[in-house]
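K.L.:
I am attaching a structure below and will ask some questions about it afterwards.
Only the coordinates and a few stated rules stand behind these numbers; no lab work does. Note that the coordinates shown come from a computational prediction; the quantities given were computed from them, not determined experimentally. Cβ sites come from the backbone with ideal geometry, for glycine too, and all protein chains shown count toward neighbours.
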Amino acid sequence: MDNGSASPRSLTIGTVLLATILLYGVYGVAVNVLAEETVEVIVDDLYKEECGACHLAYLPGLLPAANWRAVMSGLDDHFGEDAWLEPETHDHILVYLQTHALALGQNSRATRFLRNLPDEPLLRITELPGFIQAHEEVQEQLGEEMLAEGFLSPCRDCHRQADRGIFDKELLNPGYGPQTWGGPPPGDSPVEND
Ligand code: HEC
Ligand code: HEC
């Protein structure tokens, strides 16, 4: 009877393992196929280190160059924090941000953030009219008082692959979809670290 074939038990374990591998494999492929119009990822280590110390390092392609200049010119009082940098580091980061900033002609989901920009450059991505418009549904779901200043700043609370430039609405964090909203997302801290 035993002709060398696998026992039922090891067959089961093997099947579970195979299913797990398949699931992850399919998930990985699905993410790559679904992710469209991504924002360019960070290619500068110094920027990532210095500007990722307190919150996720925002992708340069989320803000126009004029806005980055405004952010970089006020680092000694950066949203109530001192984020001052040595001049050499400051200049290096400023050049990097400006050359990779959000601009017309990029095929990214952030291009809509260029709509209706006021003349005076805003310091926050989250206060750009195009950003607010893109998050109107979130605002409706959560209500005004939940969306206090800074509430949407930790992008990864919802866009789990924000550091990879992926903002597709189909790829939001499970648990942060409109179906389950009604209270604040169960995030642990408002400021993110890497
Ligand atoms: C000492 C901590 C600290 C460092 C270092 C820091 N930041 Fe910030 N940053 C903050 C805080 C605090 C906020 C406001 C967060 C909030 O409102 O929840 C903020 C917010 C921002 C925002 C606005 C986010 C939004 O709401 O759209 C941008 C853009 C930003 N930082 C860019 C930078 C850049 C560029 C650097 C590097 C030069 C940097 N930060 C370094 C603390 C820091
Ligand atoms: C509380 C959850 C939440 C946070 C935090 C959040 N978003 Fe979103 N975002 C959403 C949802 C939900 C949508 C889709 C809204 C819709 O379909 O109406 C969206 C849409 C977008 C889109 C448009 C995608 C498309 O398909 O056109 C971009 C770009 C985006 N978010 C970027 C950001 C960035 C950058 C940050 C951080 C500065 C951020 N979001 C923070 C929930 C969030």
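K.L.:
Run through region 72-164 and list the chymotrypsin sites (Phe, Trp or Tyr not before Pro) located in a DSSP loop whose Cβ has at most 14 other Cβ atoms within 10 Å. Mind showing how you got there, number by number?
P.N.:
Values: sites: Phe79, Trp84, Tyr96, Phe113, Phe131, Phe151; in loops: Phe79, Trp84, Phe151.
When the chymotrypsin sites (Phe, Trp or Tyr not before Pro) of region 72-164 are filtered for loop state and at most 14 Cβ neighbours within 10 Å, Phe79, Trp84 remain.
K.L.:
Sticking with this structure for a sec: Between Asp91 and Ser73, how many nm apart are label points set 7 Å from Cα along the C-beta direction?
P.N.:
It is 1.8 nm.
K.L.:
Take the alpha-carbon centre of region 96-153, take the same for region 59-79, and report the distance between them in whole Å.
P.N.:
Cα centroid of region 96-153 versus Cα centroid of region 59-79: 13 Å apart.
K.L.:
Which residues' amide hydrogens lie under 5 Å from the amide hydrogen of His78, considering only partners 5 or more residues apart or on another chain, with H built in the peptide plane?
P.N.:
Placed amide hydrogens put Ala83 under 5 Å from His78.
K.L.:
Taking the Cβ of Leu128 as the centre, find all other residues whose Cβ is under 11 Å away and add up their charges (Lys, Arg: +1; Asp, Glu: -1). Don't jump to the answer; show the numbers that get you there.
P.N.:
Working: positive: Arg112, Arg115, Arg124; negative: Glu127.
Net charge around Leu128: +2.
K.L.:
Going by amide H atoms built from the backbone, whose H comes under 5 Å of the H on Arg160, apart from near neighbours?
P.N.:
Asn173
K.L.:
For Leu102, enumerate residues with amide H under 5 Å from its amide H, sequence gap 5+ or separate chain, H modeled in the peptide plane.
P.N.:
Long-range HN contacts for Leu102: Leu62, Leu63, Ala65.
K.L.:
Through the Karplus equation 6.51 cos²θ - 1.76 cosθ + 1.60, θ set to phi - 60°, convert the phi angles of region 69-83 into ³J(HN,Hα) values in whole Hz; use x for Gly and Pro.
P.N.:
Karplus-based 3J(HN,Hα) across region 69-83 equals 4, 5, 4, 6, 7, x, 5, 5, 10, 9, 6, x, 10, 8, 10 Hz.
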